[in-house]
Structure formats: structure tokens, C-alpha cells
Amino acid sequence: MKLHGLNFDVPNLEVLNLSYTYVDDEALKAISTKCRGLLQLSLEDCCNVTEKGVKHVIENCTQLREINLKGCDTVHANIVALMAFSRPSLRKITAPPHYCFDYEEMKVFSRQGCFVY
């Protein structure tokens, strides 16, 4: 999925499901700068996405409430804590594979109103 050079702006787009696509970090960077109003983003089984692309989304989509990283094997599991602490609007994170659920960490996230699945 290549979005380089495309001129688009969709600030009111709230839900985007890119699951099972070939979206990559560069595409996520472009999407996150043009779709800053995203509330929900699903990246389930997107094998070309890494934590670099997820960081772009977290930095640029300031209203993001839900993100799904299920099956994203190339996204490192430590991204969950970064997302929860740096994007206070997040309420639901579907963690990437290999995320180890830590009870104390879960308590901190839930006090913030963020739940990890």
C-alpha cells in the first residue's frame, strides 16, 4: 500500500479498518497526518506494520480511543505501555502477539481508563 505523493485530507474520518492489508509504516505516517480525527484504528494481521508506524499514529491521532494490533507480529509488545501513557484518549488496546500481561501494569492502565486485551 503506497500513499506517497497522494494529496488527501480526511480530518473527520473517525473509523478506519486496515486489517489484513499490506499497509506499512510509511502509509501509517501519511494516514495519521491526514486523518488526525481517527477514533478507532484496526490493524489486525498487518504484517508490514512495526512500532515505528504505530508511534506515528499515537503522535498524530490525538483523539484515538481504540487500536487493534492483534496478529501484528512485527510490532514489539513493549509498544502497549508507550501507547497507554502517551495517548490519554486511548480506552481500548488490542495488544500485539507476545504481549505479557502484567497485573500491576494492568491496574495502572485501568486507572487511566485504558483496557488492554
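Taking every eigenvalue of the Cα gyration tensor of the chain, multiplying by 5 and rooting it, what semi-axes result, largest first, whole Å?
Details: eigenvalues 109, 51, 21 Å².
Each semi-axis is the square root of five times an eigenvalue, giving 23, 16, 10 Å.
Protection proxy ranking for 84-93, 67-76, 105-114, 8-17, using the average of other Cβ atoms within 10 Å per residue and placing the highest first: 67-76, 84-93, 105-114, 8-17.
Between GLU104, GLU26, GLU59, the Gaussian network model of the chain with springs among Cα atoms under 10 angstrom shows the greatest mean-square fluctuation at GLU104.
Nearest 500 deg cm²/dmol is fine: what mean residue ellipticity at 222 nm does the chain get from its DSSP H runs of n ≥ 4 alone, each adding -39,500 (n - 2.57), divided by its residue count? Display every interim value, and only then the final one.
On the way: 4 runs with 37 residues, N = 117.
That comes out to -9000 deg cm²/dmol.
Of the residues TYR20, ILE93, GLN112, the one whose Cα sits farthest towards the positive end of the charge dipole of the chain is GLN112 (charges of +1 on Lys and Arg Cβ, -1 on Asp and Glu Cβ, taken about the Cα centre).
Label separation (TYR22 vs LEU39): 3.3 nm, computed from points 7 Å beyond Cα along the C-beta direction.
Readers should treat all values here as calculations from the given coordinates under stated rules, not as data from a laboratory. Everything numeric in this text was worked out from a predicted model, so none of it was measured. We place every Cβ from the backbone using ideal geometry, glycine too, and count neighbours over all the protein chains shown.
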